[in-house]
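Only the coordinates and a few stated rules stand behind these numbers; no lab work does. Small disclaimer: the values here were computed from a predicted structure and weren't measured. As a convention, Cβ positions derive from the backbone with ideal geometry for all residues, glycine included, and neighbour counts pool all protein chains shown.
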Amino acid sequence: MRTCQQNGSHSVRSLARVLLLLLMSAYSGLAVSAESASDWVIDRSNGCRIWNQVPEENEAVLWSGGCRDGLAEGRGIVQWFHDDAATERYEGELRAGKPNGHGILTRRNGDHYDGDWRDGKADGAGQVELRSGYRYNGVWAGGCTRDHENNIIAVGTNASTCP
């Protein structure tokens, strides 16, 4: 998840710091015009590929669901690891290796997004909740929404791409 602050709110500043990712670290969301082989992480236990816009060294993934044509498919849990430490967890639906449908993304520190996804980005109704107590319910489009103070909250995309 990525967030960007446009106003001086401390809650939003905290949100920006703690929600930087991934989607799943995996969803940093830099605008990408074409997918490359490096944009996928392979679960070595089952061979399924999971979408990752910004792969990092020593990153690994475990997927509990099904696999179709080598891509994660259906309901399940994606657990992300960096240097063998669990970092993020996505529980929900994947289609063609990307979050699609309803899912919950939880960061190691407990911050999370619970809502609808399309093509790896928040899209539809959802809620962001931080351990700091900041909470926002809204509607995302293409990974972007704005809170009540007009701050951008981006999930699965880079906030700089949000209108």
Convert each backbone phi in the stretch 77-93 into a coupling constant with the Karplus relation 6.51 cos²θ - 1.76 cosθ + 1.60 (shift: θ = phi - 60°), then list the ³J(HN,Hα) values in order as whole Hz, x for Gly and Pro.
10, 9, 10, 9, 10, 10, 6, 6, 9, 4, 10, 9, 9, 10, 10, x, 9
Per-residue Cβ contact counts at 10 Å, fewest first, order 129, 88, 56 as 56, 129, 88
Determine, for 148, 102, the number of other Cβ atoms within 10 Å of each Cβ, and report the residues in order from fewest to most.
148, 102
If we count every other residue with Cβ under 10 angstrom of residue 62's Cβ, Lys/Arg +1 and Asp/Glu -1, where does the sum land?
+1
